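Step one of this worksheet: look at the structure below.
The values are calculated or read from the model by the stated rules, or taken from the named source; none is laboratory data. All of these numbers come straight from a predicted model, not from anything done at the bench. Cβ atoms come from the backbone with ideal geometry, glycine included; neighbour counts cover every protein chain shown.
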Amino acid sequence: MIPGVVREEVARDGETIVFVARDRLLEVMTWLKETPGQQFDYLVDVTAVEFRDRERPLQVVYFLRSLTRRADLRVKVELDSATDLAVDSVCGLWRGADWLEREVYDMFGITFRGHPDLRRILMWETYAEGYPLRKDFPLRGRFSRAEQVRQALNANPEAHYSLEELSIADASGELPQEMRDRLLRGERGTIPDPPAP
Amino acid sequence: MKEIAGQSPNYLLAKFQNLVDWAVNSSRANSLWPMPFGTACCAIEFMATAASRYDFARFGMERQAFSPRQADVLICAGRLPFKLAPVIRRIYDQMPQPKWVISMGACASTGGIFDNYAMVQGIDTIVPVDVYVPGCPPRPEGLLYGVLLLHKKIKGESLFDAERRRDEQPLDEKGLRLPPAVIDELSEPFGNSVHQFRSS
C-alpha cells in the first residue's frame, strides 16, 4: 500500500490514479521510485488540469512508468485554487521533471518548491498577461492586439540567450569523458581506416 | 537635342528611363533569391514548390538564400507566434534593398484558425507584405502564382518615380510599423472567430 494516499480511482482506460496529499508528495514519490516492487524509474509527463467548475480544485498530474516492471501509474495532487498554488518539485528524483514543471508553471502558474530554475519556458520571460491555460484567461490574451505586437516587437530575442550562455565550454569539466572526447574531435568522430586489401 | 529626333528632350529622357527600368526590373524579377522563413505546414508545400516537380528555379529562384544578407524576397510560410515577431522583423531589416515579402498561407496572412493569445494576426502588422497567397496550406501552384504576381509587381516599379519605388519602412519610435488602431483593426476576429468572445 502506498503511504499517504488520499484515495484511489481507476481511469476509464484502466490505469490506476492515486490521489496524494500535497504535503506528502515528495515522500510518496520517493517511495514509489525507490521501493523494490515499485521502481517507477521514468517520469513520462507532468501536467495540470483546471476544471470549468470553480469549486473543483486544480490537479497536478504525474504520469509514472516503471520500465523494469512495465507498469504505469498516475499520481495526482489536488490544489485548492484559493490557497497558494505550490507543490514540491520532483526534480531531485527525476531530472526530466525540470522542463515539464517549467511548462506547468508557465501555463498554470503553479510554483514548484525547490525547482532549480523555475522560469517560463514556452512564453517569453517578460510575458505579463498571466497564465494562458487557466480558465480565467481570455482566449486572445488580456492586452489589445496592438499592445501585444508592440511588446513583441520591442523584445530583444537575444536578451536571454547570449552566446556565452549557450556555450558548453563551462560545463566541459562535468561532462563524461566519452562525451568530452566526442566533442573534442568533432561530432562525426574519426574516419576509420579503409579495410586492408 | 531638339533636332536629333524631332522630339522634346523629355521624350528621350523618358525613353531612357523606361529602358533602364525595364533592364533593372527584369533582372530583379528573374533572379529573385528567396529567404524561406518556414514555421509550419506551409513550409512543407514550400519545399514541394522548390523540389523537382514544381521547381521554382524555373522562375529565377535558383538559389535559396538561407542568409537574409543575400536574399531579395522573404517568404513567410506558416504561422508566426509573437515570440518570433522580433526575429522576422530582424531578418527583414537585415535584407538589403530592394526587398519583397510573400505571406504564404492563411496563418501568415491573417492568423488563420489561430486566433489566440500567442499568434500574430497577419504578418503585415510586422513587415510590409507584397503578395498574400491564400490557402491552408496553398498548393505549390498557388505559391508559384504568387511568385508570378510578384514578378508582375516588380516589373511595374520604377527607379525614377518616387511613387512607384519601394522604400524602406522602418519602425516608428514606439517600435511599431503601423498605428495601434490599424493593428487592432487588422487583428479583428472574422469568420468563425466572431463567435468567440474576448473574455471567454
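Once the range A:110-136 is narrowed to residues that are surrounded by 19 or more Cβ atoms within 10 Å (Cβ to Cβ) and within 21 Å of residue A:57 (Cα to Cα), the residue that is nearest to the other protein chains (Cβ to nearest Cβ) is A:132.
Put simply, of B:105, B:111 the only residue that is of a type in the set (Gly, Ala, Ser), closer than 29 Å to residue A:123 by Cα and within 14 Å of chain A (Cβ to nearest Cβ) is B:111. Yes or no: the range B:43-61 includes at least one residue that is surrounded by 21 or more Cβ atoms within 10 Å (Cβ to Cβ), modelled with pLDDT under 95, away from chain A (no Cβ under 14 Å) and assigned to a loop (DSSP other than H, G, I, E, B). Yes, the range B:43-61 has at least one match. Does the range B:127-134 include one or more residues that are closer than 20 Å to residue B:46 by Cα, surrounded by fewer than 17 Cβ atoms within 10 Å (Cβ to Cβ) and more than 14 Å from chain A (Cβ to nearest Cβ)? Checked the range B:127-134: at least one residue is closer than 20 Å to residue B:46 by Cα, surrounded by fewer than 17 Cβ atoms within 10 Å (Cβ to Cβ) and more than 14 Å from chain A (Cβ to nearest Cβ). Taking the criterion of being β-branched (Val, Ile, Thr) and more than 14 Å from residue A:134 (Cα to Cα), the residues of the range A:73-110 that qualify are A:75, A:77, A:83, A:87, A:90.
How many of the residues in the range B:146-184 are within 14 Å of chain A (Cβ to nearest Cβ) and either hydrophobic (A, V, I, L, M, F, W, C) or assigned to a helix (DSSP H, G or I) (or both)? Write out each step before concluding.
Going through the range B:146-184, the residues within 14 Å of chain A (Cβ to nearest Cβ) turn out to be B:169-184.
If we keep only those that are either hydrophobic (A, V, I, L, M, F, W, C) or assigned to a helix (DSSP H, G or I) (or both) too, we end up with B:171, B:176, B:178, B:180-184.
Qualifying residue count, the range B:146-184: 8.
Within the range A:137-149, work out how many residues are surrounded by fewer than 20 Cβ atoms within 10 Å (Cβ to Cβ) and facing chain B (nearest Cβ under 7 Å).
From the range A:137-149, those surrounded by fewer than 20 Cβ atoms within 10 Å (Cβ to Cβ) are A:137-139, A:142-144, A:147; that's our starting set.
Then keep just the ones that are facing chain B (nearest Cβ under 7 Å); that gives A:138-139, A:144.
So the count comes out to 3.
Kindly list the number of the only condition in (1) away from chain A (no Cβ under 14 Å); (2) surrounded by fewer than 22 Cβ atoms within 10 Å (Cβ to Cβ) that fails for residue B:86. Going through (1) away from chain A (no Cβ under 14 Å); (2) surrounded by fewer than 22 Cβ atoms within 10 Å (Cβ to Cβ) one by one, residue B:86 breaks only (1). Within the range B:173-200, the set of residues being farther than 21 Å from residue A:155 by Cα and at pLDDT 75 or above comprises B:185, B:186, B:188, B:189, B:190.
Being over 19 Å from residue A:145 (Cα atoms), in contact with a helix residue (DSSP H, G or I) (Cβ under 9 Å, 6 or more places away or on another chain) and not polar (S, T, N, Q), is that true of even one residue in the range B:103-110? Yes, the conditions are met somewhere in the range B:103-110.
Of all residues in the range A:14-61, exactly one satisfies the criterion of being surrounded by 19 or more Cβ atoms within 10 Å (Cβ to Cβ) and aromatic (Phe, Trp, Tyr), namely A:40.
Among residues of the range B:55-69 that are without any contact (Cβ under 8 Å) to a residue 60 or more places away in the chain, those with a Cβ under 8 angstrom from a residue that is assigned to a loop (DSSP other than H, G, I, E, B) and of a type in the set (S, T, N, Q), sequence gap 6+ or separate chain, pair up as B:60/B:31; B:62/B:31.
Taken together, A:72, A:106 contain a single residue that is within 14 Å of chain B (Cβ to nearest Cβ), modelled with pLDDT of 90 or more and not in a loop (DSSP other than H, G, I, E, B), which is A:106.
How many residues are out of contact with any His (no Cβ under 6 Å at 6 or more places or on another chain) and surrounded by 17 or more Cβ atoms within 10 Å (Cβ to Cβ) when one looks only at the range A:82-97? Working first, answer last.
So in the range A:82-97, the residues out of contact with any His (no Cβ under 6 Å at 6 or more places or on another chain) come out as A:82-88, A:90, A:92-97.
Next, only the ones that are surrounded by 17 or more Cβ atoms within 10 Å (Cβ to Cβ) stay: A:85, A:87-88, A:90, A:93-94, A:97.
Looking only at that region, the number is 7.
Which one is nearest to residue A:86 (Cα to Cα), of the residues in the range A:109-162 that are among the small types (Gly, Ala, Ser) and not in a loop (DSSP other than H, G, I, E, B)?
Within the range A:109-162, the subset among the small types (Gly, Ala, Ser) is A:109, A:114, A:128, A:130, A:141, A:144, A:146, A:152, A:155, A:159, A:162.
So of that shortlist, the ones also not in a loop (DSSP other than H, G, I, E, B) come out as A:146, A:152.
Details: A:146: 34, A:152: 29 Å.
So the residue we want is A:152.
Here is the figure for the range A:45-56: residues that are under 10 Å from residue A:81 (Cα atoms) and either hydroxyl-bearing (Ser, Thr, Tyr) or at pLDDT 90 or above (or both) total 1.
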